[in-house]
Amino acid sequence: MRSPKAADNETGMDPTISLAVSRLYVDISKLYLDVLSSSSFQNVKLQNVEITSSSLQNVEIRDSKIISCRSVTNCRIYNCVIEVSKICDSTICNSRIDTVSDVVRSSITNSRIQRSEIFDSKAKNSSFVACSEISKTSIDDSDVEYSTLNKCTVSNSDLYKTHRINEATISGSTLSHSWLTNCIVKDSYFDRCQKIHLTCPQLSLRKFPVEVRSIIFEKALKWDGKGPGLLVALRGDKKLYYEALKVFYDINPLFYGVKQFEKFYHDVVAPKYIKKLNIDSSHAQKGVPCPRWLELGQVRQLRVVANSTFLWLGNNWLKTLKTVEKLTIVTPEAKGRLVQIQNKGIEIINSRLGIIGKRDPSSLEGEEIWTWEAVPNQTLLWTPLAGVQEET
């Protein structure tokens, strides 16, 4: 039996009739002599056939099965099943690619790809499952599961248990149970992902010297009741983020109200950057404990707003914070029997610190402000009296 191309040349028919004859010839050959195995096809149209161990070029294939083909190039493939084959520079639509196939520089639409490798391609409205590598490929409106992505662009897609996503650009997508390394991610949702390492393009801020950036941060990172937008925007750049975070805590005190302590007790905010700490315990009914994570901090200025009954609250904090250089306690102006209690509290703090507190004459009406400040280059040291049990 002769090849379809040979038959076409001998008939001398026009191309339309030639394709029809070729399709008929192929169908008969498949049924009786299996000539679609180890054959070469070029410039023909194949439909409802099974192609095995063949080479195809410039072929349109519909509703067929392609198995172990060594080369499928510049083809248009529709509604087919492709197994263990190499596809290059082709258009694949509504098909299933399975079992260790290679797809290179192709366009994939509405298809399902399993256990295969995809390179330099474009995929839309498709599903990828257990693919060992998807590299330099654009993926849009698709599902990716149990696969490895390398240097891909992903948008509006769902990635589930995609354990190796490396140097990818991802936008408008949902990522679940996945690992990301050196990726750029925008407007996406993370659910139980691990080992996330995100990057972003070099920001213009990096072009300025550190000294100039510090001036910019001082102007732009002042607290106004909510987190500064610049600090949020810099989270994608680890170096600039921590550089800005240091300036933020240098110029802004961290405010803790009584209701916040339980919430922040196990907070993992970078304590080493906190330089100024404001404590509001004016409505506390019992002592307010110092969060243990602040032991790692570098708090230089501690300001406590307390009622007269708990004036000595500062000792609980000074025993924990070893870096405080200035303590300020703000209390309501004492009246009646509270005068004696307040005076006793001031005496306790004076004796434990070894420094006489100063009352600020500019205090507002109805309040008193007391300040203890260490000598230059030293910190306040709380010294308990021998044999005296400290209150907590």
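List of remarks:
- In range of the label at residue 233: residues from the range 176-192 whose backbone nitrogen is under 18 Å from the point 7 Å along Cα→Cβ: 185-187
- For the residue pairs 86/136; 186/239; 186/238; 161/226, the alpha carbons lie more than 24 Å apart in 161/226.
- A Cβ-based charge dipole, computed about the Cα centre of the range 59-181 with Lys and Arg at +1 and Asp and Glu at -1, lands at about 200 debye.
- Per-residue SASA entry for residue 231, accessible area with 1.4 Å probe, Å² rounded to 10: 20 Å²
- Computed E for residue 40/residue 208 - FRET, C-beta separation, R0 45 angstrom, nearest 0.05: 0.10
- For the pair residue 141 and residue 351, the difference between a 0.36 nm per residue extended length and the Cα-Cα distance amounts to 68.6 nm.
- Ligands, DNA and RNA are left out, and with a 1.4 angstrom probe the accessible area of the range 115-185 is 41 Å² per residue.
- Separation in nanometres of the label points that stand 7 Å from Cα toward Cβ, at residue 164 and residue 187: 3.1 nm
- The figure for residue 344 is an accessible area of roughly 120 square angstrom, using a 1.4 Å probe on the protein chains alone.
- Net lengthening on full extension, residue 367/residue 246 (0.36 nm per residue, minus Cα-Cα): 40.3 nm
- Heavy-atom accessible surface of the range 102-146: percent carbon and sulfur, 1.4 Å: 39 percent
- Centre separation in Å (Cα based) which lies between the range 99-167 and the range 200-249: 36 Å
- Whether the range 92-224 is rounded, prolate or oblate, judged on the alpha carbon gyration tensor where a/c under 1.5 counts as rounded: prolate
The values are calculated or read from the model by the stated rules, or taken from the named source; none is laboratory data. Quantities reported herein were computed from a predicted structural model and do not represent experimental measurements. When we count neighbours, we look across all protein chains shown, and the Cβ atoms used for this are built from the backbone with ideal geometry, even at glycine. Side chains are part of the model used for accessible areas, which takes the heavy atoms of the whole protein and leaves out ligands, DNA and RNA. Shrake-Rupley method; radii C 1.70, N 1.55, O 1.52, S 1.80 Å.
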